[in-house]
Amino acid sequence: MSDNSKKSLDNIVGASESLRLMDCMKRGASRRDILKMLLAGGMQAGLAGGLASTAMSAYAQTPRRGGRIRVAGDTAAVTDTLDPAKQSNKTDYCRGTMLYNGLTALDATLTPQPALAESFTTKDAKVWVFKLRRDVTFHDGKPLTPADVVFSIMRHKDPATASKAKSLADQIDSVKESGPNEVTITLNSANADLPVVVGTFHFHIVKAGTTDFNAGIGTGPYKLKEFKPGVRSLVVRNDAYWKPGKPYLDEIEFVGIGDESARVNALLSGGMDLVATLNPRSIDRVKSAAGYAVFETQSGAYTDLIMRKDTGPGANPDFVLAMKYLLDREQMKKTIALGHAVIGNDQPIDPTNRFYLAGLPQRTMDLDRAKFHLQKSGVTGKVPVVASPAAMYAVDIATVMQQTAQRVGLELDIKRMPAEGYWSNHWLNSPVGFGNVNPRPSADVLFTQFFLSSAPWNESRYKSAQFDQLLTSARAEVDFNKRKQMYGDMQTMVNADAGIGIPMFLASLDGHSTKLKGLSPIPLGGLMGYSFAENVWLDA
């Protein structure tokens, strides 16, 4: 049971009586049975009734072992992989958290907590010492050693690995065994966020020397039974898992279903117990069906308007400002996200992040300012805007902007592109278009990947030597308040000068059977930040 509910019961009747009641319920006692027991012991009826309800509530929150669930992610491809270094979508990440662990794990505030490393320390944010847990074994029985950690992290630096995390690993100078259960990571420059970086999916620990990842051998809560890329995977409980009592389920079948309506139908027909990424328009249908519910996670995910500053109309800063003032954020939140979002302010750090700059003046739709900056820019004629369903809500946002732009004499020509091939053919290539950024684990990772002058995913080609210098300095700053000020300055710069418009931060919406318990938000994304597998259980 949860700590709070157990303490509540203990405080009322004492620890020994609490355990006796819980034991009776484990053997199948109902609320009526518990009430009879309490009355037989001389307790007053009113008090006994309240206590019986408290006991049943506490027991309902007690994780149960056993059972099998079927889960559907929203992507499936033959490129699905069990190699942590090459994973690139939510389906991959979900499978990764079933099979592997990292040195750290990120909690509900995205703060790194000990995982395979029982502790991590540094004196200068440049040299980090990780003490490894003892008695951790891989699925094949091999003990976890420092050599496994050295191999797992250093392979990201090898270009031949083609790691999706190479840009993050480039800061690592060396990883060396520094004791029987100790590893020392030395960076080429200080980074106070290293424990966050090694807590991300790509840095999961694998066996030293692994070249074939199809067996999925890790230290995680489940063992791989079957894996068919683009089709499904099947995992079974790892009884030797190093976390006492976890996981709870016997087996999980995981599939990818790209079509949202098909996912909803699979859930409501009883074919799935948990499905990812609902459209807000499906919420009422799911909630109105007996035995089903919606799990919402507010996060830093956003769909952004991109105006390249190196070509096209975005090269004129007044055009960029005009477009930002055309964003009717309140309407978009209400009519597009149906309220399941928070208003954005053209700054990429969202309110769930500890470094969010709350004091930045909110930019609102202002037709007078939009018209002023549009006329000052000298941009006339039709402006092509590339949009696609591949970027969540992009077509809807573009349509709202098109209607608003007409009121200031600007004609936006929406070029709707199919989802297939959008990211390779149009994203980063269109002078004016849309992107979609999934939550990132830290402000540093987000700024490094999308706003650093040299970043390959610098969507608007924003370039600022001052920004780059601040980013490097913030990594090395161990004083939280000073770091927060630096990240606040960077948000102000992006808000003012980058060719990016962020109208809202989007919530992740997952559908599930009410028999599935244990879900709680982690703002890395839906499905508990893709780590639902070791945390959920089935109610009796």
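The values are calculated or read from the model by the stated rules, or taken from the named source; none is laboratory data. Because the structure is a prediction, the values reported are computed rather than measured. Note that each Cβ is placed from the backbone with ideal geometry, even for glycine, and that neighbours are counted across all protein chains shown. The accessibility values were calculated without ligands, DNA or RNA, using every heavy atom of the protein model including side chains. Shrake-Rupley method; radii C 1.70, N 1.55, O 1.52, S 1.80 Å.
In this structure, the amide hydrogen of Glu182, modeled 1.01 Å from its nitrogen in the peptide plane, lies closer than 5 angstrom to those of Leu132, counting only residues at least 5 positions away or on a different chain.
For Thr211, the accessible surface of its heavy atoms amounts to roughly 130 Å² (probe 1.4 Å, protein chains only, rounded to the nearest 10).
Taking all protein chains together and rolling a 1.4 Å probe, Glu260 ends up with roughly 40 Å² accessible.
Leaving out ligands and nucleic acids, and using a 1.4 Å probe, what accessible area per residue does the range 467-540 come to in Å²? Before the final figure, lay out each step's value.
Working: 2390 Å² over 74 residues.
The answer is 32 Å² per residue.
How long are the semi-axes of the equivalent ellipsoid of the range 437-540, taking √(5λ) for every eigenvalue λ of the Cα gyration tensor, in whole Å from largest down? If you can, show how the numbers build up before the last one.
Values: eigenvalues 245, 53, 24 Å².
Over the Cα atoms of the range 437-540, the semi-axes work out to 35, 16, 11 Å.
Short version: what are the Cα gyration tensor semi-axes of the range 348-500, square root of 5 times each eigenvalue, largest first, in whole Å? Don't skip to the end; give the middle numbers.
Details: eigenvalues 179, 75, 40 Å².
Equivalent ellipsoid semi-axes, largest first: 30, 19, 14 Å.
What is the range 135-186 by shape, rounded, prolate or oblate, if you read a ≥ b ≥ c off the alpha carbon gyration tensor as root eigenvalues and call it rounded for a/c under 1.5, prolate for a/b larger than b/c, and oblate otherwise? Verdict is oblate for the range 135-186.
Averaged over its residues, the range 166-299 has an accessible area of 39 Å² per residue, based on protein heavy atoms and a 1.4 Å probe. Computed over the chain, the P(r) curve from all C-alpha pair distances, binned at 20 Å from the origin, holds 20, 49, 27, 4, 0 percent per bin.
Take 459-468, 239-248 and order them by the average number of nearby Cβ atoms within 10 Å per residue, most first; the result is 459-468, 239-248. With all protein chains kept in place, the per residue accessible area of the range 73-145 amounts to 40 square angstrom at a probe of 1.4 angstrom. The order of Lys90, Lys515 by accessible area, most exposed first and with a 1.4 Å probe, is Lys515, Lys90. The Cα-based radius of gyration of the range 229-310, divided by its Kirkwood radius, gives an Rg/Rh of 1.10.
Using just its DSSP H runs of length 4 or more, each adding -39500 (n - 2.57), the chain gives a mean residue ellipticity at 222 nm of -9000 deg cm²/dmol after division by all residues. Partner aspartates and glutamates whose Cα lies under 15 Å from the Cα of Lys287, excluding those fewer than 8 positions away in the same chain, are identified as Asp273, Glu296, Asp510. Of the whole protein surface, Ser430 contributes about 20 Å² of accessible area at a 1.4 Å probe radius.
Using the structure shown, list the pairs from Lys228/Lys517; Lys309/Lys371; Lys126/Lys176; Lys142/Lys207; Lys142/Lys166; Lys90/Lys164 with a Cα-Cα distance above 18 Å, or answer none. The partial results should precede the final answer.
Details: Lys228/Lys517 28 Å; Lys309/Lys371 20 Å; Lys126/Lys176 14 Å; Lys142/Lys207 9 Å; Lys142/Lys166 27 Å; Lys90/Lys164 14 Å.
Beyond 18 Å: Lys228/Lys517; Lys309/Lys371; Lys142/Lys166.
Any idea what diffusion coefficient the range 406-483 gets from Stokes-Einstein, in µm²/s, Kirkwood Rh on alpha carbon pairs, 10 °C, 1.306 mPa s?
Numbers: Rh = 15.2 Å.
The diffusion coefficient I find is 105 µm²/s.
Report note on the peptides 418-428, 433-443: ranked by the mean count of other C-beta atoms within 10 Å, highest first, their order is 433-443, 418-428. Annotation: extensible slack from Asp396 through Ser261 equals 46.8 nm (criterion: 0.36 nm per residue apart, minus Cα-Cα distance). With Cα atoms as the point set, the radius of gyration and Dmax of the range 184-258 evaluate to 15.8, 45 Å.
Excluding same-chain neighbours fewer than eight residues apart, the aspartates and glutamates reachable from Lys376 by a Cα-Cα span under 15 Å are Asp318, Asp368. Annotation: aspartates and glutamates with alpha-carbon distance below 14 angstrom to Lys131 (same-chain offsets under eight excluded): Glu118, Asp148, Glu177, Glu182.
Within the accessible area of the chain, what % is carbon and sulfur when the probe is 1.4 Å and the other protein chains stay in place?
Values: 11410 of 22390 Å².
Percent of accessible area from carbon and sulfur atoms in the chain: 51.
For the range 156-288, the Kirkwood hydrodynamic radius comes to 18.6 Å, computed from all pairs of different C-alpha atoms.
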